[in-house]
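Novice: First the structure, then my questions, so here it is.
The values are calculated or read from the model by the stated rules, or taken from the named source; none is laboratory data. Note that the structure is predicted; figures quoted are calculated from it, not measured. Cβ: placed from backbone, ideal geometry, glycine included. Neighbour counts: every protein chain shown. We work out accessible area using only protein heavy atoms, side chains counted, and drop any ligands, DNA or RNA first. Shrake-Rupley method; radii C 1.70, N 1.55, O 1.52, S 1.80 Å.
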Amino acid sequence: MDPEENVIVAPMQATVVWVHDIAKPYKAGAELVIVEAMKMEHVMTAPTSGIVRRVLVAVGDTVLEDQPLLQWSADVAEHGVAADVAPSADVDLEAIRPDLAEVFERHRVGMDSARPESVQRRRKTGQRTARENVDDLIDPGSFVEYAPLVVAAQRRRRTIEDLVARTPADGMIGGLATINASQFPNRESRAVVVSYDYTVLAGTQGLQNHRKKDRLFEIAERLELPVVLFAEGGGGRPGDTDGIGVAGLDCLAFALFGKLSGHVPLVGITSGYCFAGNAALLGCCDVIIATKGSNIGMGGPAMIEGGGLGVFAPTVIGPLDVQILNGVVDLVAEDEAEAVLLAKKYLAFFQGPTQGWECVDQRTLRHLIPENRVRAYDVRTVIDGLFDVDSVLELRRGFGVGMVTSLARVEGRPVGVIANDPTHLGGAIDAEACDKSARFMQLCDAFGIPLVFLCDTPGFMVGPESEKAAMVRKTGRLFVTGASLRVPFGTIVLRKGYGLGAQAMAGGSFKAPIFTVGWPTSEFGGMGLEGAVRLGYRKELEAIEDPVERDKLYQEMVARMYTHGKGVSMADHFEIDDVIDPAESRRWIMSMLCSTPPLPALPALAASRRPMVDTW
C-alpha cells in the first residue's frame with residue numbers, strides 16, 4: 001500500500017455491512033465503513049474531506065480486528081468535485097424525534113391536565129389530586145418519579161389504550177424528592193414520597209403498585225431516607241387479571257415498610273376514606289396526620305358486609321372523632337394543604353437544627369406556676385415559653401391527655417418534650433399516658449432526638465378502676481423504655497415530684513438523666529404529702545376528737561412535710577442537681593445538648609438500634 005494513503009481498519013472482529021463507493025468524494029464526518037458485531041452496528045467516519053482510493057473488503061465479509069478495510073486520500077482538488085454527502089454537524093435542539101414524542105405522550109396522559117373529569121371529582125369533595133398533594137409537599141423541580149408509565153395489571157380484560165387512559169401509574173405515584181431544602185440544603189432534605197391516587201380505581205392496591213412500593217421501600221432502606229405516605233384509598237384490588245398467583249399474600253410491601261420502622265422516619269397522611277391495606281400501611285407510620293372528615297378502618301363497607309358483620313356506610317367506619325380519642329391519629333388538619341404543612345414541620349425535626357430562632361423573655365417562666373401549690377395551671381404555656389417561638393408541635397393531643405408529648409427546639413436544636421398536665425387527674429399518670437409517653441420516648445430515641453421531661457405529678461394513677469387498664473404492665477413499659485434510652489435526657493421538676501410516677505419522668509431514677517433540677521415551686525416525696533400525712537399519722541389524727549383541732553394538726557403536718565420535701569431540701573441532700581431560676585432552664589438544656597456526643601450514624605448503629613418504634 002502507498003504509505004501516503006490513509007487506511008480505515010476494523011475496530012473489532014465483525015461483518016462488513018456497508019462500504020463507501022470508490023472514487024466518490026466526501027466531507028469530514030462522512031460514513032466510510034459500517035461493520036456489525038453482536039447485532040450492533042459500528043460506523044467509521046472520515047476525519048477530513050477526501051476521496052476513496054481503494055476498497056479492500058466486500059459487504060458480507062467477516063473481518064478481524066485491525067484488518068484494513070478501505071484506503072482514502074485527502075487530495076480532492078484534482079477531481080474538481082464538491083463533496084456533499086456528509087451529514088451536517090448542526091443539530092436542531094428543539095426537534096422532537098418520534099420515539100421521544102411517544103415517551104412525552106405517555107407521560108402526558110397521566111398528568112392532571114389530561115384528566116379533567118378526575119380532577120373535577122376531587123373538587124366536588126373539596127380535595128386535591130394526588131399529584132397536587134405531592135407537588136405541594138416537595139421542593140419544586142426535585143421530584144424524580146419511579147414507574148409513572150405502568151398501568152393496572154388488567155390486560156386480559158381491557159385494552160392497553162383504556163388502561164393507559166384510566167389507570168395511570170396504576171393508581172400510585174412514587175419517587176425521590178427533597179423536602180424543606182431551603183432549611184436543610186444537604187442530604188438531610190432527601191425523602192421518598194408515595195401517594196395513592198383515589199381517582200384511579202378508588203386508590204386500591206394492585207399488582208403493579210405493590211411492586212412500585214417494594215422498589216421504593218427498598219430504596220428508602222438502602223439510602224436511609226424518610227418516607228412520606230399519602231394513604232387515602234381502599235385495600236387489595238380483586239380486578240387485576242395478569243398475575244399468576246392466587247391470593248397475593250406473598251407481596252413484600254408490608255414487610256418492607258414495617259422493616260423501615262425505627263430505621264427511617266415514616267410520615268403518614270390521609271384524607272377521605274382510608275381502609276384495609278392502605279390503613280395497614282398508615283398504621284405503621286411514626287406519625288399519622290388526618291384531615292377533618294377522614295375515615296380510617298381496617299376494613300371498608302364491602303369487607304364488613306362480606307364478613308357477615310352488617311351493612312355500614314363508610315362514614316361510620318373509624319371516623320376522626322373516634323381515631324383521635326383512641327390515639328390512632330397524631331395530628332388533625334383542616335384540609336390537605338394544612339396536612340402537608342404539618343408533615344413538613346414534623347419532618348424538619350428529623351432533618352436537623354435550624355439556623356434562625358427566637359425565644360420569649362425567659363423571666364416570664366418565673367410567673368407561670370402559681371404560688372398556691374394546689375392551684376392548677378396550663379402546662380402548655382410553660383412549654384411555649386420555654387422552647388423556641390413557634391417551634392412546638394404537639395402529638396396525640398386527644399389521647400392520654402394527662403401527658404403532653406411534643407417536638408420542639410432549643411436554639412434551633414430539636415428535642416422531644418414529655419410533660420405532665422396538672423389539669424387532668426392532678427397530673428397523675430394513667431394507663432393511656434403511660435402508653436403515649438413510652439411510645440414517644442421510643443420515637444425520639446430511634447432518631448437521636450434528646451428528651452426533656454417536665455415533671456409535675458403526684459405519681460401513677462391508682463385504684464380498682466385504674467387497674468382494669470393494666471396499670472402494672474403500663475407503668476412497667478415506662479420504666480423499661482426509659483432505662484433503654486440512648487439519647488441524652490434531662491428532667492425539670494416544675495412542681496410535684498412524687499413517688500414512682502416522678503421517677504418514671506426521669507428515666508427511672510433522679511440520677512438517670514444528664515440533669516435533674518427543680519424550679520423554686522418544686523416539692524418532693526415518696527408519695528403525695530397529704531396522703532403521706534393521712535397514712536403515716538393516722539393514729540395521731542384519729543386520737544383527736546375535735547374535727548377543728550384534728551384538721552389543724554393535719555395542716556401543720558402537711559406544712560412540715562412540705563418544708564422537708566421542697567426543692568431546696570432535696571438539693572441540699574443532693575437528691576437533685578440543683579434548684580434553679582426558671583429563666584435558666586434553657587441554659588441547662590443547652591449544656592446537655594452541647595456536651596453529649598451524637599449517636600453513631602446508621603448503619604454503624606444497626607446492631608444496637610431499636611428494631612422498631614411501637615405503633616402504639
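Novice: In straight Cα distance, which aspartates and glutamates are under 19 Å from Lys468, not counting same-chain residues fewer than 8 positions off?
Specialist: Asp430, Glu432, Asp435
Novice: Hey, another quick one. Could you look at the chain and say what percent of its accessible area is carbon and sulfur, using a 1.4 Å probe and all protein chains?
Specialist: In the chain, the share of accessible area belonging to carbon and sulfur is 56 percent.
Novice: Let me know the shape class of the stretch 215-344, please: from the alpha-carbon gyration tensor, a ≥ b ≥ c as square roots of the eigenvalues, rounded when a/c is under 1.5, otherwise prolate if a/b is greater than b/c, or oblate.
Specialist: Oblate, since a/c reaches 1.5 and b/c is not below a/b.
Novice: Here's a follow-up. Looking only at the stretch 393-535, where both bridge partners belong to it, what percent of the DSSP beta bridges are antiparallel (to the nearest 5)?
Specialist: Percentage antiparallel, nearest 5: 40.
Novice: Please give the per residue volume of the convex hull enclosing the alpha carbon atoms of the stretch 301-442, rounded to a whole number of Å³.
Specialist: So the per-residue hull volume is 152 Å³.
Novice: Under a point spin-label approximation (7 Å from Cα along Cα-to-Cβ), what is the Arg54-Leu325 distance to one decimal in nm?
Specialist: For Arg54 paired with Leu325, the spin-label model returns 9.9 nm.
Novice: Mind giving me the nanometre distance, one decimal, between the label points for Asp378 and Asp61, set 7 Å out from Cα along Cα→Cβ?
Specialist: Distance between label points: 9.4 nm.
Novice: Of Lys292/Lys344; Lys511/Lys566; Lys345/Lys474; Lys474/Lys496, which ones are farther than 26 Å apart at the Cα?
Specialist: Lys345/Lys474
Novice: Go through the stretch 48-55 residue by residue and turn each phi into a ³J(HN,Hα) via Karplus (6.51, -1.76, 1.60, θ = phi - 60°); whole Hz please, and just put x for glycine and proline.
Specialist: 9, 5, x, 8, 6, 8, 7, 9
Novice: Would you kindly state how much longer the chain becomes between Val164 and Glu358 on full extension, computed as 0.36 nm times their sequence separation minus their alpha carbon distance, in nm to one decimal?
Specialist: 64.7 nm
Novice: When the Karplus curve 6.51 cos²θ - 1.76 cosθ + 1.60 is applied with θ = phi - 60°, which whole-Hz ³J(HN,Hα) does each residue of the stretch 362-377 get, with x for Gly and Pro?
Specialist: 5, 5, 5, 5, 5, 10, 8, 9, x, 5, 5, 5, 10, 8, 6, 8
Novice: Nearest 5 is fine: what % of DSSP beta bridges in the chain come out antiparallel, could you say?
Specialist: 50
Novice: Under 1.5 on a/c is rounded, so check that first for the stretch 453-514, then, if it is not, pick prolate when a/b is larger than b/c and oblate when it is not; a ≥ b ≥ c are the square roots of the alpha carbon gyration tensor eigenvalues.
Specialist: It comes out oblate by the Cα gyration axes.
Novice: Right, here's the next one. Could you work out the helix-only [θ] at 222 nm for the chain, with each DSSP H run of four or more residues adding -39,500 (n - 2.57) and the total divided by the number of residues, to the nearest 500 deg cm²/dmol?
Specialist: -9000 deg cm²/dmol
Novice: Placing +1 on the Cβ of each Lys and Arg and -1 on the Cβ of each Asp and Glu in the chain, which of Leu207, Leu541, Gly518 has its Cα farthest towards the positive end of the resulting dipole?
Specialist: Positive-end residue among those listed: Leu541.
Novice: Can you give the alpha-carbon Rg of the chain over 2.2 N^0.38 Å, where N counts its residues?
Specialist: The reported ratio for this selection is 1.40.
Novice: Please give the per residue accessible area of the stretch 293-333, computed with a probe of 1.4 Å over protein heavy atoms only, in Å².
Specialist: That works out to 50 Å² for each residue.
Novice: Could I ask something else about it? Which FRET efficiency value, to the nearest 0.05, is calculated for Phe254 and Leu149 with the Förster distance at 22 angstrom and r the Cβ-Cβ distance?
Specialist: The calculated FRET efficiency here is 0.30.
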